[in-house]
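The values are calculated or read from the model by the stated rules, or taken from the named source; none is laboratory data. No experiment lies behind these values; they were computed from the predicted model shown. When we count neighbours, we look across all protein chains shown, and the Cβ atoms used for this are built from the backbone with ideal geometry, even at glycine. Accessible surface is based on the protein model in full, side chains and every heavy atom, while ligands, DNA and RNA are left aside. Shrake-Rupley method; radii C 1.70, N 1.55, O 1.52, S 1.80 Å.
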Amino acid sequence: MNGHDSIRAVAWRDNHLELLDQRKLPQAETYVQFYAVEEVADAIRKMVVRGAPAIGITAAYGLVLAARRGFKQYPQDWRRRLMPDVELLARARPTAVNLRWALQRMTRALDRIPDEDDPVARLLELAHRIHEEDIAANHIMGGLGSALIPAGQSVITHCNTGSLATGGYGTALGVIRSACAEGRIEQVYADETRPWWQGSRLTAWELMRDQIPVSLICDGAAAHLMKQQRISWAIVGADRIAANGDVANKIGTYGLAVNARFHGVRFMVVAPTSTIDLDTAAGDAIPVEERAADEILSCVGQRLAPPHAQAWNPAFDITPARLVDALVTERGVVMRPDRDRISALMAGPVPG
Ligand code: MRU
């Protein structure tokens with residue numbers, strides 16, 4: 001870890017999983033210990049850990065905990081007993097495809113382990129590899145995305161896509177970290193990202209901790225900021241990218257992309273290829289998680305809306321591919337992504 005990357009939200013500690021509780025940031029830096037798969041699924045659902053790559057890595061470690069218990073209780077039948085745990089983890093959040101991607105990698109490895117063998121060591125080794133590969137991919141994307149940004153710019157980002165949302169370093173925030181280290185970015189504007197405040201609670205905390213200059217804005221201030229021509233790129237992450245390049249990401253991303261196109265601000269999506277879902281043809285087939293109305297009706301535990309007020313709380317939206325100027329992945333940059341360019345990217349060489 002260097003001076004621009006000092007945070008890890010997911011860690012395997014000796015015999016269990018440790019997560020930084022992101023619900024409590026920035027007021028408290030609390031680490032929670034997990035020994036059972038049910039608790040891990042619950043932590044993903046309740047957003048103790050969040051961000052597409054981070055929940056994939058967490059699920060992989062969660063399956064290690066499940067396998068340890070399964071092999072101990074049912075040494076003859078552990079494989080069949082593990083399948084409900086895989087499903088439990090996969091169902092925890094529906095939009096981020098990295099969750100299913102990581103679990104599919106783990107179950108493919110399971111299929112190669114003989115019935116009589118203890119699966120734990122091999123699953124743990126793979127979970128570590130998934131974790132390390134994610135950090136390595138983020139560093140590659142950081143360099144590729146940074147190269148698109150001329151020196152001395154201001155950029156805007158949405159949600160939290162940093163070390164907290166990944167194995168470490170971050171996707172969009174990884175690009176911002178790399179570009180800051182290279183002197184390309186002078187100022188980062190971060191949407192506060194209602195209703196869960198990933199921007200104000202997490203991105204501001206993460207960037208300030210790594211000495212990156214950040215100013216928070218209300219989500220609704222982005223168009224005004226862009227009109228003043230103070231921004232060259234909007235840089236965001238993704239929870240799932242369909243085969244045609246449509247992007248599911250935190251609610252508000254679509255509006256940011258529309259604003260960016262209108263104001264001549266370029267729009268960059270940064271995501272590892274584990275976020276690309278070739279089985280989903282287009283964005284309208286991506287399941288969008290709807291969360292509790294209370295996240296909108298209340299704020300830090302205090303009710304704001306009048307009694308009996310109703311609210312609709314989609315956690316993600318879909319940005320059409322035609323609004324994306326650059327898709328940055330660890331396998332390379334795709335300018336103006338579409339079905340053909342994405343399929344060429346996915347058929348191409350894998351780094352390392
Ligand atoms: O609901 P969250 O906080 O899990 O949503 C996270 C996002 O939308 C991120 O932008 C996305 O997962 C990419 S994180 C590298």
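Out of the stretch 49-82, which residues are hydroxyl-bearing (Ser, Thr, Tyr) and either part of a helix (DSSP H, G or I) or within 28 Å of the chain's Cα centre (by Cα) (or both)? First the steps, then the outcome.
Applying the first criterion (hydroxyl-bearing (Ser, Thr, Tyr)) to the stretch 49-82 yields 58, 61, 74.
Thr58, Tyr61 - these are the residues of the stretch 49-82 that are hydroxyl-bearing (Ser, Thr, Tyr) and either part of a helix (DSSP H, G or I) or within 28 Å of the chain's Cα centre (by Cα) (or both).
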For residues that are aromatic (Phe, Trp, Tyr) and open to solvent by less than 60 Å² (accessible area, probe 1.4 Å), scanning just the stretch 265-320, find the one that is nearest to the ligand (Cβ to nearest atom).
Phe316
Residue count, the stretch 325-352 (criterion: closer than 17 Å to Gly142 by Cα and loosely packed, with under 15 Cβ neighbours inside 10 Å):
4
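Please pick out the residue among Ile135, Ile130 that is open to solvent by less than 30 Å² (accessible area, probe 1.4 Å) and closer than 30 Å to Val188 by Cα. Show your work before the answer.
Working: Ile135 fails: open to solvent by less than 30 Å² (accessible area, probe 1.4 Å).
It is Ile130.
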When the residues of the stretch 27-46 are filtered to those that are surrounded by fewer than 18 Cβ atoms within 10 Å (Cβ to Cβ) and either among the polar types (S, T, N, Q) or within 16 Å of the ligand (Cβ to nearest atom) (or both), which remaining residue is farthest from Glu295 (Cα to Cα)?
Gln33
Number of the exception - Glu18 against (1) among the acidic types (Asp, Glu); (2) assigned to a strand (DSSP E or B); (3) in contact (Cβ under 8 Å) with a residue 40 or more places away in the chain:
(3)
What is the number of the single condition among (1) within 13 Å of the ligand (Cβ to nearest atom); (2) open to solvent by 30 Å² or more (accessible area, probe 1.4 Å) that Asn249 does not meet?
(2)
Identity of the residue in the stretch 64-96, out of contact with any helix residue (DSSP H, G or I) (no Cβ under 7 Å at 6 or more places or on another chain) and in contact (Cβ under 8 Å) with a residue 60 or more places away in the chain, that ends up nearest to the ligand (Cβ to nearest atom)
Thr95
What residue, among those in the stretch 158-177 that are of a type in the set (S, T, N, Q) and within 14 Å of Trp205 (Cβ to Cβ), is nearest to the ligand (Cβ to nearest atom)?
Thr161
What are the residues in the stretch 97-136 that are within 18 Å of Glu289 (Cβ to Cβ) and in contact with a Gly (Cβ under 7 Å, 6 or more places away or on another chain), if any?
Asn98, Leu99, Trp101, Ala102
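The rows are residues; the columns are (1) out of contact with any strand residue (DSSP E or B) (no Cβ under 7 Å at 6 or more places or on another chain); (2) in a helix (DSSP H, G or I); (3) away from the ligand (no atom under 16 Å from the Cβ); (4) not assigned by TED's automatic domain parsing to the domain that holds His131.
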site: Ala190; (1), (2), (3), (4): no, no, no, yes
site: Arg194; (1), (2), (3), (4): yes, no, no, yes
site: Leu207; (1), (2), (3), (4): no, yes, no, yes
site: Ile212; (1), (2), (3), (4): no, no, yes, yes
site: Ser215; (1), (2), (3), (4): no, no, yes, yes
site: Gly220; (1), (2), (3), (4): yes, yes, yes, yes
site: Asn244; (1), (2), (3), (4): yes, no, yes, yes
site: Tyr254; (1), (2), (3), (4): no, yes, no, yes
site: Val258; (1), (2), (3), (4): yes, yes, yes, yes
Of the listed residues (Gly62, Gly70, Gly51), the one being crowded, with 20+ Cβ neighbours inside 10 Å and on the phi > 0 side of the Ramachandran plot is Gly51
Identity of the residue in the stretch 203-240, of a type in the set (Ser, Thr, Tyr) and more than 19 Å from the chain's Cα centre (by Cα), that ends up least open to solvent (accessible area, probe 1.4 Å)
Ser232
List the pairs whose first member sits in the stretch 23-49 and is at pLDDT 95 or above, whose second member is open to solvent by 50 Å² or more (accessible area, probe 1.4 Å) and more than 11 Å from the ligand (Cβ to nearest atom), and whose Cβ atoms are under 6 Å apart, counting only residues at least 6 apart or on separate chains?
Thr30/Lys24
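On the given criteria, is Trp233 touching a residue at least 60 places away in the same chain (Cβ under 8 Å), within 16 Å of the ligand (Cβ to nearest atom) and more than 23 Å from Thr58 (Cα to Cα)? Before you say what the answer is, go through the steps one by one.
Working: touching a residue at least 60 places away in the same chain (Cβ under 8 Å): yes; within 16 Å of the ligand (Cβ to nearest atom): yes; more than 23 Å from Thr58 (Cα to Cα): yes.
Criteria met by Trp233.
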